[in-house]
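Scroll down for the structure; my scribbles are underneath it.
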Amino acid sequence: REAEQSPGRAEPFLSLTLLEDDGVQAPLFSNALYSDGFARLARGEYEAAIAQFRQAAVADPLNTNTATASDPLKHGIEALRQGKVQRAVELLKAATAQSPESSEVHRLLSSAYWFDQQYAESAGQLDVAIRLRPSDERSRLQLADVLVESGQHQKAEEVLTATIDAIPASGQAHWRLGQLYRLLNRDGDARREFERAARFPILAGAGRVHAAIARMYLAEADLDAAVQSGRRRVAVEPNSIEGHKDLGDVYRKQNREDEALVEFLVATLLDPLDADAYAAIGQIHLGAGRYREALEVLRRTLALKPEHAEAQYALATTMIRLGMTQEGKEQLEVAQRLQQRQLEAVRQGYQVNLIRIEAALRTAEGGFEDAARLWRQVAEREPGVFATYVGLGKALGRAGQHEASIEAFKRALEVTPEADVYGYIANEYRLLGREEESAKARVTYEELKE
């Protein structure tokens, strides 16, 4: 692989799954109605799986919706798919008037409100859908998502906990509750929910679940458990470079150098241009006294990534132990300069993160002016970050500083022209009474949504 003219990433390990994992940003769990069918499918019980899928499909709100034939519903769904949110709201409101007992119609209207950032209206429709059909997993999960997005974390936790009580087979509810706990810095609770989620059928992205669990065990210094989770990850994602490197790192923490070496060698097989994997291999050779092997690998590391401070330091140490004293001392000076720059960058990043956390806390407490002041500090220290300008714009808007809010949102658009930001700008102009500019921003928002 190293001798190839232009070695790219390879996927030499065969992995058979129902769905390709490529591009999956979050794990895809089976709907609870179908979880038993997918579990049977995984065990090779095909006839029983088909029977269970058919039985579940009969009870699925998507298939039992009594309002499917109505024109407002059909046209509302089409408008929603096209991103014409305002039109979708109008049509789906008409559909709910025609079919007030259909939980699915209320869920669809909630989706339109949600995409339009009308969180209270969205949550209200979902409350109706759940009351009409308490077993409706989709509505319960969507309600939790709406509440999280609107900052109502305690209510979201209550909804997800109630979902798990009502629908014990909801792996997605456990996963989202774990994500919420991570957001709230309750890492122990998050890890337990992720482990519970992993017991249910995961159609794609199972490696991401095991990766999250492994990282949390590592943070708890439970290395044996971290290894087990890491091994489960590479079992379901054998072509994951990061998975093999992460597992190698845990093995090194346990002083299991030979097993670590295997994982890093696999990483270089998958990608011969991965400098971090070579750096780890070089450090393992150095620790084992294989100085010639370490020298070769560390030189390759620095050819790929000259700013790799750890590899530079290991190279200097290797040279000195090989008797290349003068060259080793020169390399050591380079390593010290790199480490100093690295430490300074870490320190700056740590300070910015502390300010960002404080800004989020002030926002949650309703201290919007303080939050805006803190977001400005983040923007000054770390300019050009989309999320920072959005956070600043939201805080300024909630503090009543609508002109400044609009300017912050415009800065965000210079980084990434996201549709939702135009929606925020339209709302700020509306609050200022500048209806023409609000309408113009709303049109852009609708076009981008579409």
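Net charge dipole, the chain: roughly 400 debye, given to the nearest 20, about the Cα centre with Cβ charges of +1 for Lys and Arg and -1 for Asp and Glu. Couplings for the stretch 123-140, taken from phi via the Karplus curve 6.51 cos²θ - 1.76 cosθ + 1.60 with θ = phi - 60°, read 4, x, 5, 5, 4, 5, 4, 5, 5, 6, 9, x, 8, 7, 4, 4, 5, 5 Hz in order; Gly and Pro are left as x. Placing unit charges on each Cβ (+1 for Lys and Arg, -1 for Asp and Glu) gives the stretch 19-110 a dipole about its Cα centre, and among I77, L19, S30 the Cα reaching farthest toward its positive end belongs to I77.
Note: relative contact order over the stretch 257-414, using C-alpha pairs below 8 Å and six or more positions apart, is 12 percent.
Taking a ≥ b ≥ c as the square roots of the eigenvalues of the Cα gyration tensor, the stretch 361-450 is classed as oblate, since a/c reaches at least 1.5 and a/b does not exceed b/c. Normalised by 2.2 N^0.38 Å, where N is the number of residues, the alpha-carbon radius of gyration of the chain equals 1.19. Solvent exposure of the chain, expressed per residue, is 52 Å² of accessible area, with all protein chains present and a 1.4 angstrom probe. Sorting 190-198, 347-355, 256-264 by average packing, meaning the other beta carbons within 10 Å per residue, from highest down gives 190-198, 256-264, 347-355. Simple spin-label estimate for D258 and A166 gives 5.5 nm between the two label positions (7 Å along the Cα-to-Cβ direction from each Cα). If I build a Gaussian network model for the chain, linking alpha-carbon pairs within less than 10 angstrom, which residue out of I357, I130, I284 has the largest mean-square fluctuation? Most flexible of the set in this elastic network: I357.
Let's see if you can work this out: charge +1 on each Lys and Arg Cβ, -1 on each Asp and Glu Cβ, no other charges. What is the dipole magnitude of the stretch 265-398 about its Cα centre, in debye to the nearest 20? Around 120 debye, computed over the stretch 265-398. Note that the stretch 37-42 has calculated 3J(HN,Hα) couplings of x, 5, 5, 5, 4, 5 Hz, one per residue in order, obtained from phi through the Karplus relation 6.51 cos²θ - 1.76 cosθ + 1.60 (θ = phi - 60°); glycine and proline are x.
When +1 charges are put on Lys and Arg Cβ atoms and -1 charges on Asp and Glu Cβ atoms, the dipole computed for the stretch 388-446 relative to its Cα centre reaches about 140 debye.
Placing a label point 7 Å from the Cα of R321 along the Cα-to-Cβ line, the residues of the stretch 247-288 whose backbone N sits under 12 Å from it are 282-288.
Of the accessible area of the chain, computed with a 1.4 Å probe over protein heavy atoms only, carbon and sulfur atoms account for 50 percent. With the highest mean first, a sort of the peptides 239-249, 368-378, 151-161 on other beta-carbon atoms found within 10 angstrom per residue produces 239-249, 368-378, 151-161. Residues whose amide H lies under 5 Å from that of F29, counting only those 5 or more places away or on a different chain, are L203; hydrogens are built 1.01 Å from N in the peptide plane. Here the Gaussian network model covers the chain, with springs between Cα atoms less than 10 Å apart; of S99, S111, S15, S15 fluctuates the most. In this structure the amide hydrogen of S150, modeled in the peptide plane, comes within under 5 Å of no amide hydrogen from residues 5 or more places off or on another chain. The string of couplings for the stretch 308-322 from the Karplus curve (6.51, -1.76, 1.60, θ = phi - 60°) is 6, 5, 5, 5, 5, 5, 5, 5, 4, 4, 4, 4, 4, 6, 8 Hz, one whole number per residue in order, with x for Gly and Pro.
Of all lysines in the structure, those lying under 22 Å Cα to Cα from K449, and not within fewer than 8 positions of it along the same chain, are K74, K84, K93, K394, K410, K440. Excluding same-chain residues fewer than 8 positions from K305, which lysines have a Cα within less than 18 Å of its Cα? List returned: K245.
The values are calculated or read from the model by the stated rules, or taken from the named source; none is laboratory data. Keep in mind it's a predicted model, so treat the numbers as computed, not measured. Cβ atoms come from the backbone with ideal geometry, glycine included; neighbour counts cover every protein chain shown. The area values use the complete protein model at the heavy-atom level, side chains included, leaving out ligands, DNA and RNA. Shrake-Rupley method; radii C 1.70, N 1.55, O 1.52, S 1.80 Å.
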